[in-house]
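The values are calculated or read from the model by the stated rules, or taken from the named source; none is laboratory data. Here the structure is a predicted model, which is why all the values come from computation and not from measurement. Cβ sites come from the backbone with ideal geometry, for glycine too, and all protein chains shown count toward neighbours. Surface accessibility is based on the protein's heavy atoms, side chains included, excluding ligands, DNA and RNA. Shrake-Rupley method; radii C 1.70, N 1.55, O 1.52, S 1.80 Å.
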Amino acid sequence: WLARHLCKKHYRQAEWKGQLLEFGKHYPPIITEVDFWQRAVITADTNRCWEWQRGFEKGGYGHAHIHGKQWKAHRYAWFLTAGYDSKVNICHKCDNPKCINPHHLFEGTHKVNSQDMVKKGRVQRGGKHYMSHLSESDVLDIRQLVSDGHTHQSVADQFEVVRETVSQIIQRKTWKHI
């Protein structure tokens with residue numbers, strides 16, 4: 001089990017699940033700073049992204065198991081270069097979740113990170129948002145129906161949304177971009 005770089009618990013777990021033959025998917029734990037940096041494509045040009053090459057989370061962020069703790073790769077890169085583990089978000093100037101280049105990282109609150117997303121146009125709006133039940137043409141139709149004298153409730157029933165959704169569209173609290 002030591003030859004596989006797994007502790008006894010994880011070796012037995014992998015053996016039980018039949019994953020030992022697929023060992024390429026299980027990476028040995030990172031022990032040193034050198035091990036960490038070797039798992040990315042690093043260039044001398046600090047303007048280019050240094051992309052993480054190992055495990056990934058949803059959303060494309062790199063992750064690694066380091067000294068018994070799960071880390072996001074960019075966050076650990078920050079820790080190694082800044083010398084401390086930030087209590088706030090570690091954001092990407094480059095918007096590349098695989099990037100661990102410390103020159104591309106900065107500390108920011110959730111609000112700062114969200115404002116950065118909006119400023120760079122990475123926010124899904126309107127019908128492109130995964131939670132949207134309406135399309136842009138539906139919103140235009142809703143506004144026209146209400147201006148033609150239909151009640152908010154009758155329009156809401158027609159589009160299978162709640163009355164408050166229609167009210168917010170009419171007041172331009174939502175769907176402001178149309």
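Computed quantities for the displayed model
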{"item": "Sites GLN144 and GLU57, calculated FRET efficiency, Cβ-Cβ separation with R0 45 Å, nearest 0.05", "result": "0.55"}
{"item": "HN-Hα J in Hz across the stretch 68-80 - Karplus 6.51, -1.76, 1.60, θ = phi - 60°, x for Gly and Pro", "result": "x, 10, 7, 10, 6, 4, 5, 5, 5, 4, 4, 4, 5"}
{"item": "Pairwise label distance in nanometres, GLU33 with SER135, each label 7 Å out on the Cα-Cβ vector", "result": "5.5"}
{"item": "Set of aspartates and glutamates near LYS87 by C-alpha distance (under 17 Å), chain-local residues within fewer than 8 positions excluded", "result": "GLU107"}
{"item": "Solvent-accessible surface (1.4 angstrom probe) belonging to LEU105, in square angstrom, nearest 10", "result": "10"}
{"item": "Over 20 Å between alpha carbons, listed pairs LYS72/LYS98; LYS72/LYS120; LYS8/LYS58", "result": "LYS72/LYS120; LYS8/LYS58"}
{"item": "Assigned charges on the beta-carbon of Lys, Arg, Asp, Glu; the stretch 73-125 dipole about Cα centre (debye)", "result": "260"}
{"item": "Calculated from backbone phi, Karplus (6.51, -1.76, 1.60) coupling profile of the stretch 142-159 in Hz, x at Gly/Pro", "result": "4, 4, 5, 4, 5, 5, 7, x, 5, 6, 4, 5, 5, 5, 4, 4, 5, 9"}
